[in-house]
Amino acid sequence: GVHCGNHITSHGLALNCCTDLTWFDHIVPCGLEGKGVTSLSRELGRHVTVEHVLQPFLDSFQEVFDCALVFSEDPG
């Protein structure tokens, strides 16, 4: 959802590839009434996995936000 605090708003990012979208029928996605969700598989009409799109997504993210992503093996 959308978070507001200390005069700052932020929103997470979800990349739905082949997600079971029926779960979203039970919530208000991102707190936005009347808005739905979709997936890359639904939009493209074929099965798309995270493995298919992860690297192109990360490359585009770095380009658009002019940053370098740093990966860590430590989840903490």
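The values are calculated or read from the model by the stated rules, or taken from the named source; none is laboratory data. Here the structure is a predicted model, which means the values were calculated and not measured. Glycine gets a Cβ as well: all are built from the backbone with ideal geometry, and neighbour counts include every protein chain shown. SASA here: full protein model, heavy atoms, side chains in, ligands and nucleic acids out. Shrake-Rupley method; radii C 1.70, N 1.55, O 1.52, S 1.80 Å.
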Of all residues making up the range 37-61, the number that are surrounded by 12 or more Cβ atoms within 10 Å (Cβ to Cβ) and free of Cβ contacts under 8 Å to residues at least 24 places away in the same chain: 6
Pair list, Cβ under 7 Å, 6 or more apart: the range 5-23 residue in contact (Cβ under 8 Å) with a residue 24 or more places away in the chain, other residue loosely packed, with under 10 Cβ neighbours inside 10 Å: none
Single unsatisfied condition, residue 48 versus (1) modelled with pLDDT of 95 or more; (2) out of contact with any Leu (no Cβ under 9 Å at 6 or more places or on another chain); (3) not charged (D, E, K, R): (2)
Residues that are open to solvent by less than 50 Å² (accessible area, probe 1.4 Å) and either assigned to a loop (DSSP other than H, G, I, E, B) or farther than 22 Å from residue 3 by Cα (or both), drawn from the range 13-36: 16, 17, 21
Test set (1) of a type in the set (Gly, Ala, Ser); (2) at pLDDT 95 or above; (3) on the phi > 0 side of the Ramachandran plot - residue 31 fails condition number: (2)
